[in-house]
Amino acid sequence: MLNWLADPNAWIALATLTGLEIVLGIDNIIFISILVGRLPEARRNLARRLGLLLAMGSRIVLLASLAWIMKLTAPLFTVFTHDISGRDLILIGGGLFLLWKSVHEIHNSLEEVDEDSPATTGSALQATFGAVLIQIAVVDIVFSLDSVITAVGMVEHLTVMVAAIILSVGVMMFAAKPIGEFVDANPTIKMLALSFLVLVGVTLVAEGFGTHIPKGYIYFSMAFSLGVEMINIRLRRRHAMKLHKSMQ
């Protein structure tokens with residue numbers, strides 16, 4: 001099982017796959033950061049860790065059931081001359097859930113819901129914590145499917161795939177907190193992140209219906225939009241500093 005340790009190609013594959021898993025997990029980190037942002041601050045770190053552990057667990061479980069994953073590509077029925085498989089149904093369902101959740105969060109942000117009201121304290125916070133973990137688990141399955149299919153196509157050894165997943169989740173655990181805090185501190189970044197999730201949801205639904213959208217286009221548009229927003233944040237800070245100095 002560990003014969004690959006003496007194979008340099010396996011180590012290269014491990015490094016490459018770990019990097020890809022981190023990239024593919026960015027949208028997952030964004031989703032987790034937005035969801036845990038609705039929890040009390042004292043419980044956010046725990047929710048982030050549990051969410052990423054759920055992501056790691058779902059990926060490993062799917063890897064351990066490769067035969068079942070391969071069966072998901074078998075057509076179940078046909079819609080407008082397109083064969084719909086089990087994998088397509090998961091992508092469509094996950095995409096629709098992501099669209100609903102993203103639009104719901106955008107609506108809440110615009111309405112500025114008061115989370116400190118009596119209706120959202122006490123036992124309701126515990127229910128919210130559980131609901132957040134359930135939503136993370138549901139979306140993790142969708143994101144894990146994409147990640148596992150990528151792993152299966154790149155690497156032959158199951159242990160290499162599992163090691164890459166564990167390493168990538170370990171890296172994401174360090175990155176999740178600063179990303180989450182940055183998103184919470186910058187409302188425009190949160191809105192941009194929600195827009196990213198809408199884009200990912202549309203992409204998942206499109207792929208479920210047989211329309212392939214290259215991931216490179218998606219990630220480039222995200223990186224470009226984020227770059228523009230970072231410039232805007234820096235300009236707003238400079239303007240605020242100048243305004244503060246002029247008022248002194």
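The values are calculated or read from the model by the stated rules, or taken from the named source; none is laboratory data. For clarity, every value in this text was computed on a predicted model and none was experimentally measured. Here the Cβ positions follow ideal geometry from the backbone for every residue, glycine too, while neighbour counts run over all protein chains shown.
Can you tell me which residue within the range 205-248, out of those that are touching a Leu at 6+ places or on another chain (Cβ under 7 Å) and touching a residue at least 60 places away in the same chain (Cβ under 8 Å), is surrounded by the most Cβ atoms within 10 Å (Cβ to Cβ)?
Looking at residues that are touching a Leu at 6+ places or on another chain (Cβ under 7 Å) and touching a residue at least 60 places away in the same chain (Cβ under 8 Å), I get 208.
Does residue 59 meet the test of being assigned to a helix (DSSP H, G or I) and at pLDDT below 80?
Numbers: assigned to a helix (DSSP H, G or I): yes; at pLDDT below 80: yes.
Yes: the conditions hold for residue 59.
Consider residue 170 carefully, then state whether it is in a helix (DSSP H, G or I), surrounded by fewer than 16 Cβ atoms within 10 Å (Cβ to Cβ) and either at pLDDT below 80 or touching a strand residue (DSSP E or B) at 6+ places or on another chain (Cβ under 8 Å) (or both). Don't jump to the end; show me each part of the working.
Working: in a helix (DSSP H, G or I): yes; surrounded by fewer than 16 Cβ atoms within 10 Å (Cβ to Cβ): yes; either at pLDDT below 80 or touching a strand residue (DSSP E or B) at 6+ places or on another chain (Cβ under 8 Å) (or both): no.
The answer is no for residue 170.
Looking only at residues that are at pLDDT below 70 and of a type in the set (S, T, N, Q) in the range 1-48, which one is nearest to residue 218 (Cα to Cα)?
Per the stated criteria, the residue is 9.
State whether one or more residues within the range 226-242 are at pLDDT 80 or above and among the small types (Gly, Ala, Ser). Quick ask: steps written out before the conclusion?
Restricting attention to the range 226-242, the residues satisfying the condition of being at pLDDT 80 or above are 226-242.
Narrowing further to those that are among the small types (Gly, Ala, Ser): 227, 240.
Checking the range 226-242: at least one residue is at pLDDT 80 or above and among the small types (Gly, Ala, Ser).
Tell me, yes or no, whether the range 85-106 has at least one residue that is among the basic types (Lys, Arg) and at pLDDT below 75. Please lay out each step first, then the result.
Step one: list which residues in the range 85-106 are among the basic types (Lys, Arg), which gives 87, 101.
With at pLDDT below 75 added as a condition, the list becomes none.
No, the range 85-106 contains no residue that is among the basic types (Lys, Arg) and at pLDDT below 75.
Checking residue 188 against (1) surrounded by 14 or more Cβ atoms within 10 Å (Cβ to Cβ); (2) in contact (Cβ under 8 Å) with a residue 24 or more places away in the chain, which test does it fail?
Looking at each condition in turn, residue 188 falls short on (1).
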